[in-house]
Amino acid sequence: MAEKSESAVKSTGGCQCQVDALITIDGRGQIVLPKEVREKADINAGDKFVVISHQSGGKGCCLFLVKADYFSETVKSTLGPLVKDILA
């Protein structure tokens with residue numbers, strides 16, 4: 001995708017979120033992250049992630065992946081406002 005997309009959304013704390021890729025779930029429930037996304041996020045084989053889900057109207061609509069190494073009290077306290085800004 002483009003280096004800096006028109007779809008970028010600024011949030012509190014200087015965080016910037018944007019759409020980097022469109023992915024598909026295969027028949028076994030697995031996804032493949034494009035190489036560019038893995039490189040940009042410094043994702044390597046064996047990395048562990050916390051999966052955070054969000055529901056709207058009783059149905060799951062959003063998943064957030066956070067590297068387990070970074071999932072600390074600081075991330076937890078900033079994740080709430082970030083999610084509110086993204087979904088607002």
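List every residue pair whose Cβ atoms sit under 7 Å apart, with the two residues 6 or more apart in sequence or on different chains, where the first one lies in segment 44-60 and is in a loop (DSSP other than H, G, I, E, B) and the second, anywhere, is not aliphatic (A, V, I, L, M).
ASP47/LYS67
Is there any pair with a first residue in segment 17-41 that is of a type in the set (Gly, Ala, Ser) and a second that is in a loop (DSSP other than H, G, I, E, B) and surrounded by 11 or more Cβ atoms within 10 Å (Cβ to Cβ) whose Cβ atoms are under 7 Å apart and which are 6 or more apart or on different chains, and what are they?
Within 7 Å, the pairs are ALA21/MET1; ALA21/PRO34.
If I go through segment 63-85 residue by residue, how many of them are at pLDDT below 80 and in contact with a Ser or Thr (Cβ under 7 Å, 6 or more places away or on another chain)?
Qualifying residue count, segment 63-85: 3.
Select from segment 41-60 the residues that are at pLDDT below 95 and surrounded by 11 or more Cβ atoms within 10 Å (Cβ to Cβ) and write down the one among them that is farthest from the chain's Cα centre (by Cα).
ASP47
The values are calculated or read from the model by the stated rules, or taken from the named source; none is laboratory data. Everything numeric here is computed off the predicted structure, so don't read it as measured data. Cβ sites come from the backbone with ideal geometry, for glycine too, and all protein chains shown count toward neighbours.
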